[in-house]
Each structure stands twice: as C-alpha cells, then as structure tokens.
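What follows is a short report on a single structure.
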Amino acid sequence: EVHVWRINWQVHGASNQTFDAMKEQRRCIIEFADAKAQNSNAQRILCPTAPRNRQLEKDAMVEVIEKYPVHGIQFDYMRYGGEDQCFCDGCRERFEAWHGRELDAWPDICYGSGALAEKYIDWRVELMTASVKEISDAIHRVRPAARVSLAARTAPWPNRRRHDAQHWEDWVQKGYLD
C-alpha cells in the first residue's frame, strides 16, 4: 500500500518571496518571547489557528486523494512545536473571540502560569482536533476507503497537551484516524 506522508504546517521549503507574503498576511507562528517583545520574528511554520492555513492543509491533503491512486495519507507535525507557539495577533483575536472577552496582559495571561494558560492550551487542543476531523471527513468524502493516519508523538498526554496539542488517542477513538 502507498500512503502519502504530509508534513503539516511547515513552510521551510517555501521561497523567501512566498514566506514573506505569508508573514505579511499574518499566517505564520510567532513564539511567546517574540510576541512579548512585540516583534514579528515569524517562524517558517503556519499558524494552525488561522482559517486560511487550516483550509490550505485540508485542500492539499484532499488534492492528493483526488489526483493520485494512493491508499491513504499520513499526518506529520499535526501539532505545535512547543508550548511557546503560537502567540501571533491572529491567535490573540481568535482566542479572545472563543473566550468571550478581550485580554489585557497578552501574551503573559495565556502562557506558563498565566491565569488563562490552561484555557489557551484547551483551545489549541480543540482547534487541532477540529482540523484533524475536518481533513479526515473531507478525505473520506472523496475516497471512503482511504486510510488516514498520523506520525504520533508518544510523550505522556499531560506533556503532549501542553507542548503539542496533539490528542491522538481522542482522534482514534472518535474515528478521525483509521
């Protein structure tokens, strides 16, 4: 069987022109220290909370299933690279909307021992889970027999929750992964 390996969210191989355009569009991860310093030192990783990025990931994975006679597709890096990612302006806006109020002490309130750090982590887990579900559902609509899998991190859940937002046990139980 052939399963395409998809490295999610990463734009390391993108041209500088493409990366600069993505930075300009506020689509890239900003780490905690950079957000705190109010600089725009974006990483070559797409922010998983940005709707355009989520759509890009879904479209890319579905396109593979539509165009090629593969048996399945495997997520890789369907996670954050650390608890210090992402604190971009878009994350702030989307988290404030989800939480229902504006935040005064961004990003400190959502990091480490900040008053909303646990809620911020829960929000990241929910969004990563929603992305996996949306992509899996779209793939199975195109090709019901296609298998969706994950290159999973095996750290204990409490650590993965905080660091990665990758709750693959939940994804398997709910049928998002085959």
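The values are calculated or read from the model by the stated rules, or taken from the named source; none is laboratory data. Since the structure is predicted, the reported quantities are computational estimates derived from the model, not experimental observations. Positions of Cβ are backbone-derived with ideal geometry, glycine not excepted, and every protein chain shown enters the neighbour counts. Quick note on the areas: whole protein, heavy atoms, side chains included, nothing else; ligands and nucleic acids left out. Shrake-Rupley method; radii C 1.70, N 1.55, O 1.52, S 1.80 Å.
Quick one: is Glu1 among the acidic types (Asp, Glu) and at pLDDT below 95?
yes
Evaluate the following for Met128: is it at pLDDT 95 or above, in a loop (DSSP other than H, G, I, E, B) and closer than 20 Å to Pro51 by Cα?
no
Arg153 versus (1) over 19 Å from the mean Cα position of the chain (by Cα); (2) assigned to a loop (DSSP other than H, G, I, E, B): which is the lone unmet condition?
(1)
Residues that are modelled with pLDDT of 95 or more and on the phi < 0 side of the Ramachandran plot: which helices (runs of 4 or more DSSP H) entirely in the range 4-112 hold 3 or more of them?
Result: 51-67, 89-99.
Given (1) over 19 Å from the mean Cα position of the chain (by Cα); (2) in contact (Cβ under 8 Å) with a residue 40 or more places away in the chain; (3) open to solvent by less than 60 Å² (accessible area, probe 1.4 Å), identify the lone condition not met by Thr49.
So the condition that Thr49 fails would be (1).
Within the range 7-21, can one find any residue that is open to solvent by 40 Å² or more (accessible area, probe 1.4 Å) and either closer than 18 Å to Ala130 by Cα or touching a Leu at 6+ places or on another chain (Cβ under 8 Å) (or both)?
yes
Would you mention how many residues in the range 53-91 are under 20 Å from Gln10 (Cβ atoms), charged (D, E, K, R), in contact (Cβ under 8 Å) with a residue 24 or more places away in the chain and open to solvent by 30 Å² or more (accessible area, probe 1.4 Å)?
The number of residues fulfilling the criteria is 5.
Any residue that is open to solvent by 20 Å² or more (accessible area, probe 1.4 Å), over 18 Å from the mean Cα position of the chain (by Cα) and closer than 30 Å to Glu1 by Cα - is there at least one of those in the range 123-131?
Checking the range 123-131: not a single residue is open to solvent by 20 Å² or more (accessible area, probe 1.4 Å), over 18 Å from the mean Cα position of the chain (by Cα) and closer than 30 Å to Glu1 by Cα.
Being open to solvent by less than 20 Å² (accessible area, probe 1.4 Å) and in contact with a Ser or Thr (Cβ under 8 Å, 6 or more places away or on another chain): is that true of Val148 here?
yes
The rows are residues; the columns are (1) closer than 28 Å to Gln25 by Cβ; (2) without any contact (Cβ under 8 Å) to a residue 40 or more places away in the chain; (3) of a type in the set (A, V, I, L, M); (4) in contact with a Pro (Cβ under 7 Å, 6 or more places away or on another chain).
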| position | (1), (2), (3), (4) |
| --- | --- |
| Glu93 | yes, yes, no, no |
| Trp106 | yes, no, no, no |
| Gly112 | no, yes, no, no |
| Ile121 | yes, no, yes, no |
| Val125 | yes, no, yes, no |
| Ile135 | yes, no, yes, no |
| Asn159 | no, yes, no, no |
